[in-house]
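Report on the structure given below.
Only the coordinates and a few stated rules stand behind these numbers; no lab work does. Values in this document were obtained by computation on a predicted structure and should not be read as measured data.
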Amino acid sequence: MSDDDGPAGEPVDGTSLRDRYYRGTINRVYYGSETGTLTSVATGREYQFKYPFVQILGSIPRIDGLLAGMEVGLYLGWTARGIRVTVIRVFD
């Protein structure tokens, strides 16, 4: 919960928390290497993520709780290895 969230975790400005993120579905999670892939709902593109270079927000604070098929919110960013997932938001 950030400073601009209301008491129930919803943003104060009236927008839905889900509307603040791109939507995606987790395809695979490799727990040993703490990496995985997810697909954007809007574009169908597949993106990679790697812990600790991805920040996981919500009720699941670690990669251990992510499961294939789970719908999440995401932010993307450029790295030296191309575009990667930088934030994964797990919705309750």
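Between TRP78 and LYS50, residue separation times 0.36 nm minus the direct Cα-Cα distance comes to 8.7 nm.
Annotation: amide H of GLN55 within the under-5 Å range of VAL87, ILE88, sequence separation 5 or more or interchain, hydrogens built in the peptide plane.
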